[in-house]
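Read the structure below first, then the notes.
The values are calculated or read from the model by the stated rules, or taken from the named source; none is laboratory data. Since the structure is predicted, the reported quantities are computational estimates derived from the model, not experimental observations. Glycine gets a Cβ as well: all are built from the backbone with ideal geometry, and neighbour counts include every protein chain shown. What goes into the accessible areas is simple: the full protein's heavy atoms, side chains included, and nothing from ligands, DNA or RNA. Shrake-Rupley method; radii C 1.70, N 1.55, O 1.52, S 1.80 Å.
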Amino acid sequence: MPRLSRRTVLTLAAAGAGAGLVGRGALAQAAGESHGISYFGDLKYPADFPHFDYVNPQAPKGGTFIHTASTWSYNQNPTTFNTLNTLVLRGDAPPGLDDIFASLMAGGGDEPDAMYGFAAEKVAISEDGLTYRFTLRDIATFHDGKPITAEDVAWSILTLKEKGHPLLRVVLRDVASAAAESAKVVAVTFAKGRSRSLPLTIAGLPILSKAWYAGRDFEASTMDVPLGSAAYKVGRFEAGRFIEYERVRNWWGEKLPVSVGQNNFDVIRVEFFRDRDVAFEAFKSRTYTFREEFTSRAWATQYDFPAAKDGRVLRREVPDETPSGAQGWFINTRREKFAHPKLREALGLAFDFEWTNKNVMFDSYKRTHSFFQNSPMMAVGKPSAEELAILEPFRGKVPDEVFGEPYVPPVSNASGQDRNLLRLATQLLREAGFTLKDNRLIDAAGKPMTVEFLDYDNSLERHTQPFVANLRRLGIAATIRRVDSAQYQSRLKDYDFDLTIRRYSLSLTPGESLRTFFGSESGKQPGSQNLAGIADPVIDALIQKILAVNTRPELTTLCLCLDRVLRSGRYWVPNWYKASHWIAYWDQFGHPERKPKYSRGVPATWWFDPAKAARIERT
């Protein structure tokens, strides 16, 4: 299941330097100016660093990289697009469009969240940590050659706070002001009590041209090509079919340390397919040249075509050292019928992961338990003394299980219809006020219980159909509804669904993103990431504590507590995960010997190899 883009994760969850490091904190960076910022004040790279360690600084430029989207953000849609305005809620934009805009600073792939000078060459932090002054580079320009000014930066921040996508409006609410102090210095002031990650969010925001948007409706759905400032600009496109991003020749940022060895392709092209099987056939015919595989059946059985057998197409499994995050069927608790936690737990018991993993997914996955799966923030065992000290004030406001072992979905007998689990589900449904009448589950008002699974393609129907069958055994009228991708996105934005599947990934130092995923305020706004509609004052209080931590151990302890409370709410039916990426590509690329620790590094650090491409043509 694809996920949010790394830029979005960095922007929303922007946080500390290295995993396991404890620094002096962002406030400790207030003395003087710095070439970078991080959540806890720790930076791997010094001010004079030439490039990130994981790139090839001599990587050649040229060639084309063609792929289908594996990550996206904001209003982007991986299967179609009808607008080129990606920073708002309206419309469906193509993945990658946010990357045409430069930001004040940029993160690297070997630190989870530290950021270094991009359009800004340095930042000065006030003694109280509430004002950050960014000094822009003289060379930074938009693609039309006009300079990026402090006025552009200030206007971008305030406009995104007021009119941007709900994901942005939520995290920017504690920006008190943004103003140009000169043509090259912008001062951003935050409200007292702001989260520690907010300055990094600001540093990662797209910088927009105030002049270009003058006279335009910022929130409109439009096919006007936006004016950018980063290494790529929008090139050729055909709505719903493909879009090309062209490398900007003599780009102002090419020799910056955060850019050296990256942005190597002349063209990055995104192809759009509404059907995954059609997309796979297109890859086999070299319509596109890079693919991240998300279907275990395809990975195990379908890479037997001639080009894969003779080595023209290569397959690799590369480690994913980021938190595996949360994938599952999220239950829309805004709907009254899903209000009772025992009902939600009963739904989960009808999903037989062990059978599905064996019969559908070739035993390729492990069961997800946690919202912080595969990370130090995943709760295991009983709470520590440090956790209990945080949780005790909430006793009586959260389920008692929060103070014991965290909830873990039971292991089935892998039969596909484990009778013991289905009996337990039936008992929970009774306790939730439901009764069985004429083989139909009825609520206290006599209304039949219905559940609809919403999706936009059929790739997961083999996983969902046995789940639906078990729900029907419980007397629940369960169905699968497949709609086109545009309607799917629209229904998600309006929370017009019962259950839908989604994968989220949090950073190793989660910050503002927690509000967008789990915060009460976010769940009330159209288009948020809080699909389950979680609205719990205890969760809000824990998030607020997380946003104010001073050390990484504090952060980890608080996230463990948050994980326990979230899991006790039964807001989802957890799916599965694996701590790796499956990638397949036509052997016409070069790449560094090692990938960045916290990302795939594709296509950012790869390059086109004409000699390899010529061999493919001759075969």
Subject >> Cα-centre dipole for region 376-526 with unit charges at Cβ (Lys and Arg positive, Asp and Glu negative), debye to 20 >> reply: 520 debye
Original post:
In nm, what is the difference between 0.36 nm times the number of residues separating residue 309 and residue 179 and their Cα-Cα distance?
Top reply: 40.9 nm
**OP:** Taking H placed 1.01 Å from N in the peptide plane, check which residues at least 5 places from residue 230 or on another chain put their amide H under 5 Å from its amide H.
**Re:** 101, 102
Original post:
For region 70-75, what does the Karplus curve 6.51 cos²θ - 1.76 cosθ + 1.60, with θ = phi - 60°, yield as ³J(HN,Hα) per residue in whole Hz, taken in order and with x for Gly and Pro?
Top reply: 9, 9, 7, 8, 6, 9
Original post:
Expressed as a rounded percentage, what relative contact order does region 47-96 have, with Cα pairs under 8 Å and six or more residues apart?
Top reply: 26 percent
**OP:** May I ask you to evaluate 6.51 cos²θ - 1.76 cosθ + 1.60, the Karplus curve with θ = phi - 60°, for each residue of region 180-193 and list the ³J(HN,Hα) values in order in whole Hz, giving x for glycine and proline?
**Re:** 7, 8, 7, 5, 10, 10, 10, 10, 10, 10, 10, 5, 4, x
Subject >> Accessible area of region 450-526 belonging to carbon and sulfur atoms, whole % at 1.4 Å probe >> reply: 44 percent
Subject >> Within the chain, helix-based [θ] at 222 nm, where runs of 4 or more DSSP H residues each add -39,500 (n - 2.57), nearest 500 >> reply: -7000 deg cm²/dmol
**OP:** Whenever you get a sec, compute what percent of the accessible area on region 50-162 sits on carbon and sulfur atoms (1.4 Å probe).
**Re:** 48 percent
Subject >> Å² of accessible area per residue within the chain, as computed with a 1.4 Å probe and no ligands counted >> reply: 38 Å²
Subject >> Pairs beyond 29 Å (Cα-Cα), from 44/255; 44/382; 122/597; 284/493; 233/597 >> reply: 44/382; 284/493
**OP:** Provide the FRET efficiency to the nearest 0.05 for the residue 254-residue 481 pair, computing r from the beta carbons and using R0 = 56 Å.
**Re:** 0.70
**OP:** Treating each Cα of region 461-619 as an identical point scatterer and ignoring solvent, apply the Debye formula and state log10 I(q)/I(0) at q = 0.16 Å⁻¹.
**Re:** -1.09
Subject >> Heavy-atom SASA rank of 313, 380 (probe 1.4 Å, accessible area, largest first) >> reply: 380, 313
